[in-house]
Amino acid sequence: MVESLTLGPYRLAAATEFGPRVTSLRRHDSPDFFVRLDPAVALRQPDGQVYRLRGGHRLWVGPEIPEVTYSPDDHGCEVVATGDSVRISAPADGAGLEKSINLRLDEERLAVDHRLTNAGHTSIEVAPWAITQLPLGGIATLPLEQSESGLQADRSLVLWPYSRPDDARIKFGADSVEIRGEAGSELKLGSGPRAGWLQYQMEGWLFRKRATRTPDGAIPDRGATCQVYVKDAFVELETLGPLTLLEPGAYVEHHEVWEILPA
């Protein structure tokens, strides 16, 4: 089941049977920017565990270690709406991590606060990883913003092993990379090291999200704080926080701001 919610001009839905997950997001007459996936679209581990992607927006755990990252979230969630905010929280998963997502209206934008809490009995090093799945058919933008001056390298472009720089879906610009959301082989690019923005243009509208804090600490994935992934059924916009050693009972937060605008 899902709960339909309204925050100012935004209409969204949150799952109650799995997650925490935001399953739908639109503004006024915009399209729904969040894709819905068949539960059969899943990541399967040798031990039989299954992580169902489902679509929408989720909080994951970096670095990508299957026994931690792919811990199933097929459990009930609590969805609490109070005034101009919505909180979605879930019990600890198989890795001993509690996850919650809080959305609140901030003028014409949504402030999205993600929290990972160590509910286990031993310390664990994790990085909060906020992933938004969108439908094919649009254009994603990955920033490559330069510093104002200097002689030293100031940014990085990161490729995953299955990605090809000559992929026809990639278009390089002066300060960004455009990636067409078209079905094909797996493709993933990332950039860093500063906290940045990502956007997706579709049907005359633009979904933009921005990580609000520059990371203080080591970043997995060669420092790629912003990432775009394209597969055969969806596009992902991903922001990644720093690695943090969580003692039992401790938590780490990761913050984004979302907005939907006419393109």
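Where a number appears in this text, it was derived from the coordinates with a stated rule and is not lab data. These numbers come from a predicted model, not from an experiment. With ideal geometry, Cβ positions are generated from the backbone for all residues, glycine too; neighbour counts draw on all protein chains shown.
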Work out Dmax and Rg for the range 141-263 from the C-alpha atoms and quote the Rg first, both in angstrom.
15.3, 47
Volume per residue (Å³) of the convex hull spanned by the alpha carbons of the range 198-238 is 67 Å³
Rounded Å value of the spacing that divides the Cα centres of the range 32-46 and the range 103-162
20 Å
Could you order peptides 165-172, 227-234 by the average number of other Cβ atoms within 10 Å of their residues, highest first?
227-234, 165-172
If you add up the charges near Asp84, with Lys and Arg at +1 and Asp and Glu at -1, over every other residue whose beta carbon is less than 10 angstrom from its beta carbon, what do you get?
0
In nm, spacing of pseudo-spin labels at Leu43 and Asp84 (7 Å Cα→C-beta vector)
3.5 nm
Net charge contributed by nearby residues that have their C-beta within less than 15 Å of Ala250 (K/R +1, D/E -1):
-2
Neighbourhood charge, 10 Å Cβ-Cβ cut-off, centred on Gln146 and excluding it, Lys, Arg +1 and Asp, Glu -1
-3
Descending semi-axes in Å of the chain, equivalent ellipsoid built from Cα gyration tensor:
26, 23, 19
Given the options Leu198, Leu144, Leu43, which has the most mean-square fluctuation in a GNM of the chain, springs set between C-alpha atoms less than 10 angstrom apart?
Leu43
